[in-house]
Amino acid sequence: MSAYRLAPAATDLVTAYENDLWDIGQRPDHKVLWGARWFCAHIGEPQAFAELPLEQQLAVNPAVHRFVSWLIATRRLRPGPDYLVIRRPRLGISLSRHWPAFHATFMNTASALVFSMKVAQAQWAALGQICALTGLAPQRLAHADLDAARDELLAAADRFGHSSRHDLSTAIFGLEATLFHAGVTDELPRRRGRTKADARAAAW
């Protein structure tokens, strides 16, 4: 793979990525770091990625997508809803690694509300998308942020006829209940009348 000459700021960003991966127990090999160097050499500033046409965003190498996910998880990059819905980066995993204490609180709360592990994980994955879209840490979200992000993500799913729309809507509705009982937001989810699962979440 090609080597790239990077500006000092870009080199610092790649180093931060490498150090962060070591800190969370990853082993950043040459291929993984190549994705970060390619991004810095060809795209430049993190937020420039969000300004590319969606087709170009989706076409980059998997190692680059991994770096993009890190940029999103560390709030260096705010992606658009289309990228989040179509690419579906594994932001829930990144979020749990960077916010382990809150992840534990969230999962314990979901369990206390009798959400299954699978449902709680779907809620957490939706939370990762919402944090990415808003640029906020999970503990900083307000109910208005959830509403706005939900509308943007579901509108993106509608634009592309994406099959995940129903699952995403249900996950976000349950997520609102979990965040309320975890003490993050001060409003219970509002009934939107789409599914039985939505009604179950509203009961909490």
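Bear in mind that the values in this text are calculations on the coordinates, not laboratory data. A quick note: this is a predicted structure, and the numbers were derived from the prediction, not measured. Cβ placement follows ideal geometry from the backbone for every residue including glycine, while neighbour counts extend to all protein chains displayed.
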Requested in this report: Using a cut-off of 12 Å between beta-carbons, work out the net charge of the residues near ASN61 (Lys and Arg +1, Asp and Glu -1, ASN61 not included).
Outcome: +3
**Report entry** Zero-based 5 Å bins, Cα pair distances in segment 76-191, whole percents
**Finding:** 2, 13, 25, 27, 20, 11, 3, 0
Query raised in the report: Using 1/(1 + (r/R0)^6) with R0 = 30 angstrom and r between the beta carbons of LEU52 and ALA137, what's the FRET efficiency to the nearest 0.05?
Result: 0.70
Query raised in the report: Remind me, relative contact order of the chain in percent, using alpha carbon pairs under 8 angstrom and six or more residues apart?
Result: 16 percent
**Report entry** Environment charge of LEU13, counting only residues whose C-beta is closer than 15 Å and scoring Lys/Arg +1, Asp/Glu -1
**Finding:** +1
**Report entry** Alpha carbon convex hull of segment 51-115, projected area averaged over orientations, nm²
**Finding:** 5.1 nm²
Query raised in the report: Can you give the translational diffusion coefficient of segment 1-93 in µm²/s, computed by Stokes-Einstein from the Kirkwood radius over Cα pairs at 25 °C and 0.890 mPa s?
Result: 183 µm²/s
Query raised in the report: Taking K and R as +1 and D and E as -1, what net charge do the other residues with C-beta under 15 Å from the C-beta of ARG76 add up to?
Result: -2
Requested in this report: Show me 29-36, 70-77 ranked by packing, highest mean number of other Cβ atoms within 10 Å first.
Outcome: 70-77, 29-36
Report task. Specify which labelled value, from (i) 56, 36, 25; (ii) 51, 36, 35; (iii) 70, 54, 35, agrees with Cα extents along the principal axes in Å derived from the coordinates of the model shown. Result -> (i)
